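Asker: I have a structure here, written as structure tokens, and I will follow up with some questions on it.
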Amino acid sequence: MYNVKCDVAIIGGGPAGLAAAIAAREEGAENVLILERDNALGGILQQCIHPGFGLTRFKEELTGPEYYGRFVDRAKELGVNYMLNTMVLQVNHDANEITCTSSQYGLTRVQAGSIVLAMGCREKTRASIMVPGTRPAGLYTAGSAQRLVNRQNIMVGKKVVILGSGDIGMIMARRMTLEGAQVVMVVELMDYLAGLTRNRVQCLDDFNIPLKLAHTITRIEGNERVTGVWVAPVDEKKQPVKELEQFVECDTVLFSVGLMPENELTRKAGIQINPITNGPAVNQYMQTSAPSVFACGNVVHVNDLVDNVSQESTRAGKYAARYAMGKLNKAEKTVACVTGTNVRYLCPQKIDVSAENETVSLWFRVLQPQLGVKLVATCGDEIIAQQKEFRVNPGEMNHIVLETAKLTGDTVTVQVVKED
């Protein structure tokens with residue numbers, strides 16, 4: 001077996017893994033190693049050729065390849081090591097070891113001072129939501145269609161219906177239109193948008209693509225190839241109103257119905273998983289229930305913007321390096337983060353309070369859209385942070401900033417309240 005030793009080992013070479021690796025090196029870790037299963041760094045951004053990345057981090061609009069290219073250049077400049085075509089098989093956090101298989105080295109054991117999980121997420125498929133009907137050709141997840149069109153120059157269809165208003169689905173509605181296809185409609189089960197408002201404007205409204213909220217596909221028709229779908233409105237219980245269903249002719253269906261963090265390795269390692277996010281539960285350092293293992297990006301919770309991913313991953317890399325060097329702050333107590341009114345989940349799920357006062361951002365998604373609200377964080381009966389928001393929406397992430405010195409109790413609760 002081939003053996004490798006490093007200070008910080010990072011599983012995944014996408015935007016999360018790259019940002020974590022750079023931060024670990026800048027924090028002082030001498031030997032940082034990325035393990036990537038693809039034949040190149042960059043992750044999903046390799047196929048995201050549209051602009052819209054980097055507005056927060058770089059204050060300019062970049063395409064996906066331009067965005068991750070800057071991280072690759074910086075990682076190489078800092079001397080970050082990486083192994084491509086390498087599939088991780090197991091994480092043993094008790095021994096701080098990773099077992100993987102590499103096309104170059106075969107079965108490999110990586111021993112590290114700390115480990116960062118940055119495996120990203122994958123798309124839910126038709127099977128995940130159990131859409132009835134036949135199983136013809138022409139059914140794709142939005143991401144797989146994006147890869148085929150953008151990286152392999154393969155056109156997936158001519159007349160398209162998209163189920164789900166997730167960001168990739170809306171972006172692919174625009175992409176398919178630009179490639180000459182007709183996007184008949186985007187169908188969304190909920191009565192609100194699942195993705196970013198800017199994507200609705202730039203990808204649907206600007207191209208006159210209809211968006212049918214509170215609708216769903218009730219079944220798929222076709223033998224060798226999709227011939228059409230039945231679309232119906234849904235009632236308040238999200239059940240189709242069959243009397244109102246209509247047949248929509250198409251030859252292709254794209255599914256943009258949500259993402260799932262890639263956490264098979266995490267579960268196998270016995271690391272605590274949050275039941276809402278389906279990612280590892282973490283503290284403000286992005287440290288999991290296994291002290292030597294950190295996690296970041298979409299493997300923790302599905303983010304809306306890659307700038308948020310890289311910001312969060314920078315934090316994970318920084319503290320993973322400190323852990324490997326024995327410099328991580330010692331916690332005096334742990335405060336649980338609790339969801340309040342109209343808050344679906346919080347990340348981090350707990351805060352380790354040390355003698356040093358720290359500024360912590362609590363990221364979350366809401367359950368329902370609301371206008372004219374205030375985000376409020378309370379510890380006991382005391383309000384320790386609050387901020388106004390014009391609107392909140394489940395498709396867009398929010399955060400509130402607080403100081404650990406104000407955490408005098410055992411829990412901190414975040415809620416969204418209507419402004420007076």
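The values are calculated or read from the model by the stated rules, or taken from the named source; none is laboratory data. None of the values given here were measured: they were computed from a predicted structure. As a convention, Cβ positions derive from the backbone with ideal geometry for all residues, glycine included, and neighbour counts pool all protein chains shown. Remember, those area values only see protein heavy atoms, side chains included, never the ligands or the DNA or RNA. Shrake-Rupley method; radii C 1.70, N 1.55, O 1.52, S 1.80 Å.
Asker: How many residues are in a loop (DSSP other than H, G, I, E, B), β-branched (Val, Ile, Thr) and over 17 Å from residue 164 (Cα atoms) when one looks only at the stretch 209-256?
Answerer: Of the stretch 209-256, the ones in a loop (DSSP other than H, G, I, E, B) are 209-210, 213-214, 223-224, 235-239, 241, 245, 250-251, 256.
Then keep just the ones that are β-branched (Val, Ile, Thr); that gives 209, 241.
Going one step further and asking which of them are over 17 Å from residue 164 (Cα atoms), we end up with 241.
Selection size over the stretch 209-256: 1.
Asker: Determine whether residue 354 is at pLDDT below 95 and either farther than 30 Å from residue 74 by Cβ or open to solvent by less than 60 Å² (accessible area, probe 1.4 Å) (or both).
Answerer: Numbers: at pLDDT below 95: yes; either farther than 30 Å from residue 74 by Cβ or open to solvent by less than 60 Å² (accessible area, probe 1.4 Å) (or both): yes.
Yes.
Asker: Next question, about the same structure. Out of the residues in the stretch 375-388 that are open to solvent by 50 Å² or more (accessible area, probe 1.4 Å) and in contact (Cβ under 8 Å) with a residue 24 or more places away in the chain, which is nearest to residue 411 (Cα to Cα)?
Answerer: It comes out as 380.
Asker: Return the pair list, or none, for Cβ contacts closer than 8 Å from residues in the stretch 19-33 that are in contact (Cβ under 8 Å) with a residue 40 or more places away in the chain and open to solvent by 10 Å² or more (accessible area, probe 1.4 Å) to residues that are assigned to a helix (DSSP H, G or I) and of a type in the set (Phe, Trp, Tyr), at least 6 apart or on different chains.
Answerer: The qualifying pairs are 22/71.
Asker: When you scan the stretch 196-219, do you find a residue that is crowded, with 20+ Cβ neighbours inside 10 Å, basic (Lys, Arg) and free of Cβ contacts under 8 Å to residues at least 40 places away in the same chain, even just one?
Answerer: Yes - at least one qualifying residue is present in the stretch 196-219.
Asker: Say whether the condition of being charged (D, E, K, R) and open to solvent by 50 Å² or more (accessible area, probe 1.4 Å) is met by at least one residue in the stretch 161-170.
Answerer: So in the stretch 161-170, the residues charged (D, E, K, R) come out as 167.
Of the ones still in play, those that are also open to solvent by 50 Å² or more (accessible area, probe 1.4 Å) are none.
Within the stretch 161-170 (the criterion being charged (D, E, K, R) and open to solvent by 50 Å² or more (accessible area, probe 1.4 Å)), the answer is no, since none of the residues qualifies.
Asker: Considering only residues that are in a loop (DSSP other than H, G, I, E, B) and open to solvent by less than 70 Å² (accessible area, probe 1.4 Å), look in the stretch 181-194 and name the one that is farthest from residue 233 (Cα to Cα).
Answerer: Residues of the stretch 181-194 that are in a loop (DSSP other than H, G, I, E, B), as a first pass: 181, 188-194.
Applying the additional criterion that residues be open to solvent by less than 70 Å² (accessible area, probe 1.4 Å) yields 181, 188-190, 192-194.
On the way: 181: 25, 188: 10, 189: 8, 190: 10, 192: 13, 193: 15, 194: 17 Å.
Among those that are in a loop (DSSP other than H, G, I, E, B) and open to solvent by less than 70 Å² (accessible area, probe 1.4 Å), it is 181.
Asker: Separate question: Checking the conditions here, which among 279, 222, 258, 297 is of a type outside the set (Phe, Trp, Tyr), open to solvent by less than 30 Å² (accessible area, probe 1.4 Å) and either over 26 Å from the mean Cα position of the chain (by Cα) or modelled with pLDDT under 95 (or both)? Steps first, answer last, please.
Answerer: Values: 279 fails: either over 26 Å from the mean Cα position of the chain (by Cα) or modelled with pLDDT under 95 (or both); 258 fails: open to solvent by less than 30 Å² (accessible area, probe 1.4 Å); 297 fails: either over 26 Å from the mean Cα position of the chain (by Cα) or modelled with pLDDT under 95 (or both).
Result of the check over 279, 222, 258, 297: 222.
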